[in-house]
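Peer 1: Pasting in a structure now, in structure tokens, and then I'll have a few things to ask.
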Amino acid sequence: MEIQQKLLTINKYSRPGSKIGHIKKITVHWVGNAGSSAIANRNYFEGLKEGKKNAYDNYIFASSHYIIGLQGEVVLCVPEDEIAYHGNSHNNMAIGIETCHPDWGGKFSELTYKSLVELVAELCTRYKLSPLVDVERHYDITKKDCPHYYVVNEQAWRAFLIDVKNKIEEGDEMLVKEKINVNGKEVEVDSITKDGVTYIPMRQLANMLGAEVTYDNATKRKGLMVPARA
């Protein structure tokens, strides 16, 4: 899926720059601002770097990794390997997704919903999470009314999780980005996970290693020939 990278400036109020721990959860939110866009909400998080206070005269700490807009656009605000301020006690182990909604009923548009299912499915695949166990509402952490539509419509939330599960089970249709270690360097590659096995394109790996893809006519198998070091 197409993701717009609009990273927040590193600051103590919305992007502390701290590394996140082991990813165990994906937390779904609503933005709580009917009709607002993904970029507007991203810019709100960016504006917090100046140090804004709430009605109780306390500084506001807030952000998310992703925001999904009314047209299904997906904006990345905080890198997945950094902490975002969205899930209270789960900040150090959860990827946060804020989701835009057209009205105060909180139900997401069809385009927004489709992108949410796809994004959560990709994240579950990448971090080897179960959508029925490891995907949560903000409500499940703090009992906050977030995301509102899925707090008051438990069956709709369950249906969403099933849709994510079904998307994951398409398997061979889901191409995602994954970080791997190549010769001590972390690189991002395309990958497909099917039946619990992750596959990486051989040509892409060969380019990273400076290797040559070979083919053995006798065995009908491909291989990699890595140049010998001097």
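The values are calculated or read from the model by the stated rules, or taken from the named source; none is laboratory data. Keep in mind it's a predicted model, so treat the numbers as computed, not measured. All Cβ positions, even for glycine, are placed from backbone atoms using ideal geometry, and neighbour counts span all protein chains on display.
Peer 1: Specify the residue that is nearest to Leu161 (Cα to Cα); the eligible residues are those in segment 29-59 that are part of a helix (DSSP H, G or I) and in contact (Cβ under 8 Å) with a residue 40 or more places away in the chain.
Peer 2: Ala38
Peer 1: Kindly provide the set of residues from segment 52-103 that are among the polar types (S, T, N, Q) and within 15 Å of Glu2 (Cα to Cα), ordered by number.
Peer 2: Matches in segment 52-103: Gln71 only.
Peer 1: Next up: Name the residues in segment 87-103 that are of a type outside the set (S, T, N, Q), surrounded by fewer than 22 Cβ atoms within 10 Å (Cβ to Cβ) and in contact with a helix residue (DSSP H, G or I) (Cβ under 8 Å, 6 or more places away or on another chain), would you?
Peer 2: Listed by number, the list holds a single entry, His90.
Peer 1: If we keep just the residues of segment 1-44 that are within 18 Å of Asp81 (Cα to Cα) and hydrophobic (A, V, I, L, M, F, W, C), which is surrounded by the most Cβ atoms within 10 Å (Cβ to Cβ)?
Peer 2: By that ranking, first place goes to Val28.
Peer 1: On to the next question. Based on this model, can you work out whether Ile168 counts as touching a residue at least 12 places away in the same chain (Cβ under 8 Å), in a helix (DSSP H, G or I), more than 18 Å from Ser64 (Cβ to Cβ) and not polar (S, T, N, Q)?
Peer 2: yes
Peer 1: Okay, next question. Tell me whether segment 5-28 contains one or more residues that are in contact with a Cys (Cβ under 6 Å, 6 or more places away or on another chain), part of a loop (DSSP other than H, G, I, E, B) and under 20 Å from Lys144 (Cα atoms).
Peer 2: no
Peer 1: Say we look at segment 183-198 and pick out the residues that are exposed (fewer than 12 other Cβ atoms within 10 Å of the Cβ) and of a type outside the set (Gly, Ala, Ser); which of these is modelled with the lowest pLDDT?
Peer 2: Once the filter is applied, the top-ranked residue is Asp195.
Peer 1: Restricting attention to segment 199-225, report how many residues are assigned to a loop (DSSP other than H, G, I, E, B), over 30 Å from Glu118 (Cα atoms) and either modelled with pLDDT of 70 or more or of a type in the set (Phe, Trp, Tyr) (or both).
Peer 2: Residues in segment 199-225 being assigned to a loop (DSSP other than H, G, I, E, B), over 30 Å from Glu118 (Cα atoms) and either modelled with pLDDT of 70 or more or of a type in the set (Phe, Trp, Tyr) (or both): 5 in total.
Peer 1: Here's a follow-up. Take the conditions loosely packed, with under 14 Cβ neighbours inside 10 Å and touching a residue at least 24 places away in the same chain (Cβ under 8 Å) and apply them to Thr142. Does it pass?
Peer 2: yes
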